[in-house]
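First comes the structure, then the notes that go with it.
The values are calculated or read from the model by the stated rules, or taken from the named source; none is laboratory data. Nothing here was measured: the structure is a model prediction, and the numbers come from that model. Keep in mind that these areas ignore ligands, DNA and RNA; they rest on the heavy atoms of the full protein, side chains included. Shrake-Rupley method; radii C 1.70, N 1.55, O 1.52, S 1.80 Å.
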Amino acid sequence: HLSRNVGSASNRKTWTWSAWVKRGALSTSNGQMLFNAYDNSSASNSTYFAIRFTRSGGSDPADSLAVNGYTSANWRVTNRRFRDPSAWYSIVITVDTTESSASDRIKIYVNGVQETSFASTTDNGLDEDQDLGVNAAQYHMIGAENLSGTVRYYAGYMAEVHFIDGTALTPSSFGETDSDTGQWIPKKVSGVTYGTNGFYLKFVSGAIGTDSSGEGNNYTTANIDNADVMLDTPTNNFCTLNPLDKGDYAT
């Protein structure tokens, strides 16, 4: 995983997180964390924020995408289930609590299309102009959470991780439709102001946690080295075995 202890708070009302992910394993009883922020005390503190895949055996469907905060309620849980380990998913999350309509304060986009079907949704704690946990002066992690003795690791690949501090963008800033295949693919990001705590992680061998946005917000790697940088990318997708396609065979 990767982590950064944010020293100075910035815009806690408006931001965008964008990443391409390819799952290597489906969720266990702990779920899998993509990006989160917390103060190292508990999940009930007022600055907790998480983007994650839901766990198995919970009240929400397993392997859905959830965005939740300190209220212990899931603000958004998709009906869509992310259970294809052969696919790269483009995930864009925008947060803008300055929006007058509560339903517009968190938006989830998958492969360029906004999610509108949710297994559960609540706006409790998403008040207008509410300061949330991301961009608070506290711990931020990519690919894991270690909080109150519960560890939630992400199992899979990530590519092209962008964080835009202070602006709620649309997926068109990060991707486009391939004119030949009709598939959503990443594009070179330009004309974007990353902001105080913004970053762009390319995951380049030799500089895996280095921020390429120009803001210098590098992330520290843990148990990741150059051998973990793969050739499998959203535009060079390798075939994989499907863990759902298994059965008992006579020997």
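Below is a table of values for the structure above.
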read-out: Cα gyration tensor category, rounded, prolate or oblate, for the chain with a/c compared to 1.5; value: rounded
read-out: Percent RCO, i.e. relative contact order, over the chain, from Cα pairs under 8 Å lying at least 6 residues apart; value: 26
read-out: Tensor-based shape of the range 85-160 (alpha-carbon gyration tensor, a/c under 1.5 rounded, otherwise prolate or oblate); value: oblate
read-out: Accessible surface of the range 7-60 [probe 1.4 Å, protein heavy atoms]: carbon and sulfur percent; value: 41
read-out: Over the range 88-199, relative contact order from alpha-carbon pairs under 8 Å, at least 6 apart, %; value: 23
read-out: Gap separating the Cα centres of the range 129-150 and the range 2-19, nearest whole Å; value: 9
read-out: Share of carbon and sulfur in the accessible heavy-atom surface of the range 123-246 [1.4 Å probe, %]; value: 45
read-out: Cα-based reach from Lys202 at 19 Å (exclusive), listing lysines while leaving out same-chain residues under 8 positions away; value: Lys22, Lys187, Lys188
read-out: For the range 51-126: relative contact order, % (alpha-carbon pairs under 8 angstrom, 6 or more apart); value: 29
read-out: Solvent-accessible area per residue for the chain (1.4 angstrom probe, square angstrom); value: 46
